[in-house]
Amino acid sequence: MKSEAAAPTTESTKLARKITGPLLFLFILGDVLGAGIYALMGELSAEVGGMLWAPLAVALALALLTAGSYAELVTKYPRAGGASVFAERAFGKPLISFLVGFSMLAAGVTSAAGLALAFSGDYLATFVDVPVTLAALVFLALVACLNARGISESLKSNVVMTVIELSGLVLVVGVVALMVGRGDGELARVGEFPDGTTPALAILGGAILAYYSFVGFETSANVVEEIRDPSRVYPRALFGALLTAGVVYVLVGLASAIALPSDELSQSSGPLLDVVAASGVAVPDWLFSLIALIAVANGALLTMIMSSRLTFGMSEQGLLPDVFARVLPNRRTPWVAILATTVVAMLLTLTGDLATLAETVVLLLLVVFVSANVSVLVLRRDHVDHDHFRVWTLVPVLGVGSCLLLLTQQSAKVWLLAAGLLAVGVVLYFVARKAGTVTGKASRSA
């Protein structure tokens, strides 16, 4: 991987280039860390037993492949802003661009539903005992109210939230290290699979779930116009954040397996809370639960902000009906888009199945990632007049292969849920097209 030399140019932008390398690193790390690993360690244990570290390591390797494609596309087209625009450049088909964008949107609301369920489980039960589904619905309603009021996440607040999320994971590793130091825990569990499983298939199945813990890096494409020297800074921050998250995740996986047997871990909706409790170190349940709730809530809020703004933006471009572009007069927030995405997320929480929601998010994002990896190869014929990162050609090829491999491992239930969401999107697209918004607005924005 290297930077492709060319005559340097100064990219003009309406936005202030305030994001330095360290701030971008923390932005991406904060997007990747936290919510998935706090919520999914129990589900992952059901797949691979004590071999929690293995699917996490595989998922990291697979995520790095697609990250390589993003590094090239984002630095090559620093105004692009996302996989749907890359698809438009590569394929020139509005429907393909729409499906890629809507897959990202559907993944966002599905992820928010999963995070709402995670928020409402054992972590919340430390403070108040309420039905999980009811708590998830109320949580999403509160997120929508904050979203409509006009949430503005500054870089400083993101740094604070990232430190809180990371501190909780470091705490898990630290207390289990103390546990091992006094001779407790079971080191042998880190190499044990559930009885009757095929190791390779179990790891691959677990990697589908673990992949959910690494998604989030793709949203960094939206801030490229605010990055100082993106061709140099973006790839370093992207790969550095993913590798940091991967190391932390593997350590948390090892710690979890050492502290608790897989049958106990897999039954918990607050798995890392139980790991900390099992360590015997005097960490108050409320403290770790609060850290976990902050991590999960922040992830859900950022996801819903992204989803509602993406809905609004697609409506503005004529890819969705005009109604989704309506804003509150004073707050100037897209209230119809917020309401619609919240209602869909609420309906998805009624499935009550965190693992299914997580796998659906992964499936939808894999569609997006296939498009991004193919776009890199197609757009190699398009030369630009500034320096940009260039990934080895084999990387996007392997990226496509890895995404297709993970897609083959999804269950029929997950495919049906994802297909249902995309079918709704296609209907909305043709409604917008019939109303004349697609051809009119899209052509004006071209």
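Numbers below:
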| quantity | calculated |
| --- | --- |
| Highest-MSF residue in the chain out of S315, S411, S45 [GNM, Cα springs under 10 Å] | S411 |
| Computed E for V343/H383 - FRET, C-beta separation, R0 45 angstrom, nearest 0.05 | 0.50 |
| Of T110, T393, T356, the one that fluctuates the most in a GNM where the chain has Cα springs shorter than 10 Å | T393 |
| Folded to 0 to 90 degrees: helix 230-259 orientation relative to the chain principal axis, Cα | 20 |
| Percent of Cα-Cα distances greater than 23 Å, calculated over segment 20-144 | 52 |
| Top of L407, L73, L201 by mean-square fluctuation, Gaussian network on the chain, Cα under 10 Å | L201 |
| Furthest towards positive pole of dipole, V424, A136, G401, structure part the chain, Cβ charges | V424 |
| Total charge dipole magnitude, segment 173-237, about the Cα centre, Cβ charges on Lys, Arg, Asp, Glu only, Debye to nearest 20 | 220 |
| Residue-level accessible surface for F98, protein heavy atoms, 1.4 Å, Å² | 0 |
| Chain lengthening between T393 and L328 when straightened (0.36 nm per residue, less Cα-Cα) | 18.8 nm |
| Heavy-atom accessible area ranking, 1.4 Å probe, most first, across I164, I19, I96 | I96, I164, I19 |
| Surface accessible to a 1.4 Å probe, D285 within the full protein complex, Å² | 80 |
| Pairs of Lys in the chain closer than 30 Å at Cα, counting only those 8 or more apart or on different chains | 15 |
| Candidate residues M306, M179: accessible-area rank, largest first, probe 1.4 Å | M306, M179 |
| Unit charges at the beta carbon, dipole of segment 21-435: most positive-side option, F193, F239, A207 | F239 |
| Approximate spin-label separation E264-D129, in nm, with each point projected 7 Å along Cα-to-Cβ | 2.1 |
| Cα lying deepest toward the dipole's positive end in the chain, options S308, A435, V252, charges on Cβ | A435 |
| For the chain, accessible area per residue (1.4 Å probe, heavy atoms of protein chains only), Å² | 41 |
| Global form of segment 300-446, assessed from the alpha-carbon gyration tensor, a/c cut-off 1.5 | oblate |
| By accessible area with a 1.4 Å probe, ligands and nucleic acids excluded, highest first: order of V426, V336, V431 | V431, V426, V336 |
| Rounded accessible area of V132 (nearest 10 Å², 1.4 Å probe) | 70 |
| C-alpha long axis of helix 35-48 to longest principal axis of the chain, angle in ° | 60 |
| Estimated dipole of the chain in Debye, rounded to 20 [Cβ of Lys and Arg +1, of Asp and Glu -1, Cα centre] | 1980 |
| Euclidean distance between Cα centres, segment 297-333 to segment 51-129, Å | 17 |
| Segment 21-435: translational diffusion in µm²/s, Stokes-Einstein, Kirkwood Rh over Cα pairs, 20 °C, 1.002 mPa s | 100 |
| Degrees separating the helix 53-76 axis from the principal Cα axis of the chain, which is the longest one | 20 |
| Helix-only mean residue ellipticity at 222 nm for the chain, each DSSP H run of n ≥ 4 adding -39500 (n - 2.57), per residue, nearest 500 | -23500 deg cm²/dmol |
| Whole-percent carbon and sulfur share, accessible surface of the chain, 1.4 Å | 66 |
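The values are calculated or read from the model by the stated rules, or taken from the named source; none is laboratory data. Quick caveat: nothing in here was measured; it's all calculated off a predicted structure. Cβ atoms come from the backbone with ideal geometry, glycine included; neighbour counts cover every protein chain shown. Just the protein is used for accessible areas: all its heavy atoms, side chains included, with ligands, DNA and RNA removed. Shrake-Rupley method; radii C 1.70, N 1.55, O 1.52, S 1.80 Å.
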